[in-house]
Amino acid sequence: MTEPNIEGEDASPPIKAAVLHELGVPEYGEFPAPSAGGGHEIVEVRAAGLNPVDVSISAGRFYAGAPALPCVAGREGVGMLGDTRVYFDTPVAPYGSMAERALIDPAGTYPLPDALDDGVAVALGISGLAAWLALDWRAHLEEGEHVLVLGASGVLGQIAVQAAKHLGAARVVAAARSTDGLERARELGADAVVRLGEAELAGALSEAAQQRIDVVVDPLFGEPFAAAIEAASFGARLVTLGASAGASATILSAPIRGKMLQIMGHANFAAPPEVKRAAYLRMAELAIAGRLRVEVERMPLADVRAAWERLAEGAHRKIVLVP
């Protein structure tokens, strides 16, 4: 596929977008309109998701490197591709999803059922897939196992609690700092909760899990991940998805070796397309049936700076920007 040209002679009027002129927080403004071609198509954006990865990319901290500037922020959204409403996570640089229109690879889109809300459809994307695939594709969760979800008050954690139950977990322990978030995790199916920050965190996690932790979903890293290693059972699989609690952790060698632990990373892009598609459509079915719930907070695209601040405060709802 060819690279998009943002300086075409027959360019349409500019679009409104969250534009990154320098590393940091994007600004609401105008950006040259995209042009279809080279296998890429234009999607009319209805909703764009804001995720921690967007913050990391925009700040130049993402492990894949800093983006070329200027560009439009955003990695996922819901929009109209012709007459079809789709979820997409394949924006073609420099066109991100936080705009009136985006340039995408149509091969990476999922057609959406009419009954699925735009905001929920976005939530099932980067956040939902990370939660579901960590359990199913990476950890190969087996029926009857016990699961620990760290960061359970966040959107990814809330979906992971529910996904673990749908995938057959016998007991799910939710751990988070937010008291309200832990109560929400109980409502979503967690069998026990642990408030992060307890002096003897490893012991509290083990007790809540009835001395059995087979799988850990970890978007936090840092101290919570170190405690999960101590609490994990023999042969447990620990999947790390992010580093909200710190980019480094001091962990002991003995429990990893002695308990034959499996520590693995996860990134959605590494999953085969058919695996991602099947997981997304399964979650969509559950959401439509009311069996997978996620709260959505819609904000105007023009308020992108406020949305960045909202995420930094620890929003427990999926933040969706609406053009």
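Data for the structure
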{"read-out": "Residues satisfying the stated conditions in the range 227-255, i.e. among the β-branched types (Val, Ile, Thr) and buried (at least 19 other Cβ atoms within 10 Å of the Cβ)", "value": "ILE229, VAL239, THR240"}
{"read-out": "Pick from the range 278-314, criterion part of a helix (DSSP H, G or I) and not hydrophobic (A, V, I, L, M, F, W, C), ranking: nearest to ARG46 (Cα to Cα)", "value": "ASP303"}
{"read-out": "Selection count, the range 61-77, where residues are part of a loop (DSSP other than H, G, I, E, B) and over 17 Å from ASP118 (Cβ atoms)", "value": "11"}
{"read-out": "Pairs where the first residue, in the range 133-160, is under 21 Å from GLY197 (Cβ atoms) and at pLDDT 95 or above and the second is in a loop (DSSP other than H, G, I, E, B) and among the hydroxyl-bearing types (Ser, Thr, Tyr), C-beta under 7 Å, 6+ apart", "value": "GLY151/SER244; SER153/SER178"}
{"read-out": "Condition check for GLN262: of a type outside the set (Lys, Arg), out of contact with any Gly (no Cβ under 6 Å at 6 or more places or on another chain) and over 20 Å from ALA176 (Cα atoms)", "value": "yes"}
{"read-out": "Pick from the range 210-251, criterion among the aliphatic types (A, V, I, L, M) and more than 25 Å from the chain's Cα centre (by Cα), ranking: modelled with the lowest pLDDT", "value": "ILE251"}
{"read-out": "First in the range 303-315 and touching a residue at least 60 places away in the same chain (Cβ under 8 Å), second anywhere and among the hydroxyl-bearing types (Ser, Thr, Tyr) and exposed (fewer than 13 other Cβ atoms within 10 Å of the Cβ), Cβ under 7 Å, 6 or more apart", "value": "none"}
{"read-out": "Residues (under 20 Å from the mean Cα position of the chain (by Cα) and exposed (fewer than 15 other Cβ atoms within 10 Å of the Cβ)) located in the range 256-274", "value": "MET264, GLY265, ALA267, PHE269, ALA270, PRO272, PRO273, GLU274"}
{"read-out": "Matching residues in the range 214-226 - criterion: being surrounded by 24 or more Cβ atoms within 10 Å (Cβ to Cβ), out of contact with any Lys or Arg (no Cβ under 6 Å at 6 or more places or on another chain) and closer than 20 Å to ASP136 by Cα", "value": "VAL216, VAL217, ASP218, PRO219, LEU220"}
{"read-out": "Scan of the range 212-254 for residues that are touching a strand residue (DSSP E or B) at 6+ places or on another chain (Cβ under 9 Å) and polar (S, T, N, Q), ordered by number", "value": "SER233, THR240, SER244, SER248"}
{"read-out": "Unique residue being surrounded by fewer than 24 Cβ atoms within 10 Å (Cβ to Cβ) and at pLDDT below 95 when the list is PRO52, PRO111, PRO106", "value": "PRO52"}
{"read-out": "Number of positions in the range 57-83 that are in contact with a Ser or Thr (Cβ under 8 Å, 6 or more places away or on another chain) and either more than 19 Å from PHE31 (Cβ to Cβ) or loosely packed, with under 14 Cβ neighbours inside 10 Å (or both)", "value": "2"}
{"read-out": "In the range 252-269, the residues that are assigned to a loop (DSSP other than H, G, I, E, B), within 16 Å of PRO224 (Cβ to Cβ) and modelled with pLDDT of 95 or more", "value": "LEU261"}
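The values are calculated or read from the model by the stated rules, or taken from the named source; none is laboratory data. Small disclaimer: the values here were computed from a predicted structure and weren't measured. Here the Cβ is made from the backbone with ideal geometry for all residues, glycine too, and neighbour counts use every protein chain on show.
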